[in-house]
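Chemist: The following block contains the structure, expressed as structure tokens.
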Amino acid sequence: MQEEPIDPFNGDPADPSAGLDDPGEEAELDPLSEVERQDVLEDLADLEIYQALLGPVGVRGLVIECEDCREPHYFDWDLLRGNLRHLLNSGRPRVHEPAYDPDPDHYVTWEYARGYADGVHDTLTETADEDEGEREDGSTADR
Ligand SMILES: [Zn+2]
């Protein structure tokens, strides 16, 4: 028998006082700004390139220095893609699900991946330039 007065809103999801003391709730509804969305989309595009270049040479993903934990977190490619998509959809990052028991040798930083991709791109561009140069030159007689 329940004789005590019961909170009329107890357990009611429509409780008007619910969430009043939770400032995090507001942020959850904040969508990404257009610029932030663009950044995430660029990261996703970069990720495709990095995985295509680095995956075949044995790199499984990226290592990211976590500002909260002050220690590196290892993310494999699929996890990174999932995290970025999650950020895109929800507007909130989901950084604390690193790969389980990763081997650090198989992970590189964003900076490394970017440098690697730039290096590959430069190599391709230089080769193309040289070919063009020879054609414009029209002459290999001096060699
Ligand atoms: Zn962390």
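One line per residue, one yes/no per condition, for (1) within 16 Å of the ligand (Cβ to nearest atom); (2) assigned to a loop (DSSP other than H, G, I, E, B); (3) farther than 13 Å from W110 by Cα:
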| site | (1), (2), (3) |
| --- | --- |
| V40 | no, no, yes |
| D43 | no, no, no |
| Y50 | no, no, no |
| L54 | no, no, no |
| V59 | no, yes, no |
| L62 | yes, no, no |
| E67 | yes, yes, yes |
| H73 | yes, no, no |
| D78 | no, no, yes |
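Chemist: I'm trying to understand the selection: among the residues of region 97-109, which are within 16 Å of the ligand (Cβ to nearest atom) and touching a residue at least 40 places away in the same chain (Cβ under 8 Å)?
Modeler: Scanning region 97-109 gives P102, P104, Y107, T109.
A quick yes/no check of all residues on (1) closer than 13 Å to A113 by Cβ; (2) at pLDDT 90 or above; (3) aromatic (F, W, Y):
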| site | (1), (2), (3) |
| --- | --- |
| V57 | yes, yes, no |
| G61 | yes, yes, no |
| P72 | no, no, no |
| F75 | yes, yes, yes |
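Chemist: Pairs only if they're at least six apart or on different chains, beta carbon under 9 angstrom, first in region 79-96 and more than 18 Å from Q51 (Cβ to Cβ) and among the charged types (D, E, K, R), second within 16 Å of the ligand (Cβ to nearest atom) and modelled with pLDDT of 80 or more; list them, first residue then second.
Modeler: So the pair list comes out as R92/H86; R94/N83; R94/H86; R94/L87.
Chemist: Checking N10 against (1) more than 25 Å from A117 (Cβ to Cβ); (2) at pLDDT 90 or above: exactly one of these is not met. Which one?
Modeler: (2) is the only condition that N10 fails.
Chemist: Out of the residues in region 19-38 that are touching a helix residue (DSSP H, G or I) at 6+ places or on another chain (Cβ under 9 Å) and not in a loop (DSSP other than H, G, I, E, B), which is modelled with the lowest pLDDT? Give the derivation first.
Modeler: Of all residues in region 19-38, those touching a helix residue (DSSP H, G or I) at 6+ places or on another chain (Cβ under 9 Å) come to 19, 28, 31-32, 36-37.
Retained after the next criterion (residues that are not in a loop (DSSP other than H, G, I, E, B)): 28, 36-37.
Working: E28: 52, E36: 93, R37: 94.
Looking at residues that are touching a helix residue (DSSP H, G or I) at 6+ places or on another chain (Cβ under 9 Å) and not in a loop (DSSP other than H, G, I, E, B), I get E28.
Chemist: When residues of region 52-64 are filtered for being free of Cβ contacts under 8 Å to residues at least 40 places away in the same chain, surrounded by 11 or more Cβ atoms within 10 Å (Cβ to Cβ) and not aliphatic (A, V, I, L, M), how many remain? Even if it seems obvious, please write down each step before you answer.
Modeler: Filtering region 52-64 for residues free of Cβ contacts under 8 Å to residues at least 40 places away in the same chain gives 52, 55-57.
Restricting the remaining residues to those that are surrounded by 11 or more Cβ atoms within 10 Å (Cβ to Cβ) gives 52, 55.
Of the ones still in play, those that are also not aliphatic (A, V, I, L, M) are 55.
Here the count works out to 1.
The values are calculated or read from the model by the stated rules, or taken from the named source; none is laboratory data. Values in this document were obtained by computation on a predicted structure and should not be read as measured data. Here Cβ is always computed from backbone atoms with ideal geometry, including for glycine, and neighbour counts include all displayed protein chains.
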